[in-house]
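K.L.:
Questions regarding the structure given below will be posed in turn.
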């Protein structure tokens, strides 16, 4: 038996739900909230129809806060990549605060197209390069190594599986910002990275999600 689907304007519904997000210096918003952008914010436009990676999830917001803290600490990064980038919000945030070309990879071609559109919408064309890739498996991503900052906001098991490549592609002293991890999974991820010569700098829990900042020895 089929039930009737209500006639709902889902984009309008999402717009109502996706209110602007402030994460340190970063302000993530949809075009319907453009009039709310603070003058001193690093603004990141993510359209409501592009729902994954909008910055509203605690994992994305937590990664932005971790980046903001590193900037406040005076940390400088020149080789930056976002693995599993989604809308590329994290890559764009890094490009806002560091005068370098930031790379972004995602396994999903739709996500890559979305990321490219967001890059253009934010005036970052040529500053963020988006490619379809599984982890670091792309010539552009491999050539740019070793990295001194890597974002990976994905899931527990893919993060654990990525640990050997993280150790391979992050230079000594480089940092990884990891999320997509439930608080109950954080210790398992930390152990996988400590086994690959990473040390834990910071763990921040946001509701049921954890964000980890680690340094490659």
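The values are calculated or read from the model by the stated rules, or taken from the named source; none is laboratory data. Since the structure is predicted, the reported quantities are computational estimates derived from the model, not experimental observations. Cβ: placed from backbone, ideal geometry, glycine included. Neighbour counts: every protein chain shown.
K.L.:
Got a number for residues in region 139-157 being surrounded by fewer than 16 Cβ atoms within 10 Å (Cβ to Cβ), in contact (Cβ under 8 Å) with a residue 24 or more places away in the chain and either out of contact with any strand residue (DSSP E or B) (no Cβ under 8 Å at 6 or more places or on another chain) or under 12 Å from residue 105 (Cβ atoms) (or both)?
P.N.:
Result for region 139-157: 2.
K.L.:
If you don't mind, there's one more thing I want to ask. Being more than 20 Å from residue 34 (Cα to Cα) and not in a strand (DSSP E or B) narrows it down to one residue among 105, 123, 74; which is it?
P.N.:
74
K.L.:
Please find, within region 126-157, the residue that is nearest to the chain's Cα centre (by Cα) out of those that are farther than 19 Å from residue 175 by Cβ and part of a helix (DSSP H, G or I).
P.N.:
156
K.L.:
Quick one: count up the residues across region 164-182 that are over 16 Å from residue 90 (Cβ atoms), assigned to a strand (DSSP E or B) and touching a helix residue (DSSP H, G or I) at 6+ places or on another chain (Cβ under 8 Å).
P.N.:
Total satisfying the criteria: 1.
K.L.:
To continue, here is another question. Checking residue 216 against (1) within 19 Å of residue 59 (Cα to Cα); (2) surrounded by 15 or more Cβ atoms within 10 Å (Cβ to Cβ); (3) touching a residue at least 40 places away in the same chain (Cβ under 8 Å): exactly one of these is not met. Which one?
P.N.:
Going through (1) within 19 Å of residue 59 (Cα to Cα); (2) surrounded by 15 or more Cβ atoms within 10 Å (Cβ to Cβ); (3) touching a residue at least 40 places away in the same chain (Cβ under 8 Å) one by one, residue 216 breaks only (1).
K.L.:
Still on this model: For region 87-107, enumerate the residues that are more than 17 Å from residue 41 (Cα to Cα) and in contact with a strand residue (DSSP E or B) (Cβ under 8 Å, 6 or more places away or on another chain).
P.N.:
Of everything in region 87-107, those that are more than 17 Å from residue 41 (Cα to Cα) and in contact with a strand residue (DSSP E or B) (Cβ under 8 Å, 6 or more places away or on another chain) turn out to be 88, 100, 101, 102, 103, 104, 105, 106, 107.
K.L.:
Which count do you get for residues in region 73-84 that are touching a residue at least 60 places away in the same chain (Cβ under 8 Å) and farther than 15 Å from residue 127 by Cα?
P.N.:
Number of matching residues: 3.
K.L.:
So for region 21-40 (the condition being over 28 Å from residue 205 (Cα atoms), part of a helix (DSSP H, G or I) and touching a helix residue (DSSP H, G or I) at 6+ places or on another chain (Cβ under 7 Å)), does at least one residue qualify?
P.N.:
Checked against the condition, which is being over 28 Å from residue 205 (Cα atoms), part of a helix (DSSP H, G or I) and touching a helix residue (DSSP H, G or I) at 6+ places or on another chain (Cβ under 7 Å), region 21-40 yields at least one hit.
K.L.:
A follow-up question, please. Could you list, in sequence order, all residues of region 183-203 that are buried (at least 22 other Cβ atoms within 10 Å of the Cβ) and assigned to a strand (DSSP E or B)?
P.N.:
Hit for region 183-203 is 198, nothing else.
K.L.:
Now a separate question. What's the number of the condition residue 86 fails, among (1) at pLDDT below 95; (2) under 24 Å from residue 163 (Cβ atoms); (3) exposed (fewer than 15 other Cβ atoms within 10 Å of the Cβ)?
P.N.:
(3) is the only condition that residue 86 fails.
K.L.:
If you check residue 160 against the conditions, is it part of a helix (DSSP H, G or I), more than 24 Å from residue 69 (Cβ to Cβ) and in contact with a helix residue (DSSP H, G or I) (Cβ under 6 Å, 6 or more places away or on another chain)?
P.N.:
yes
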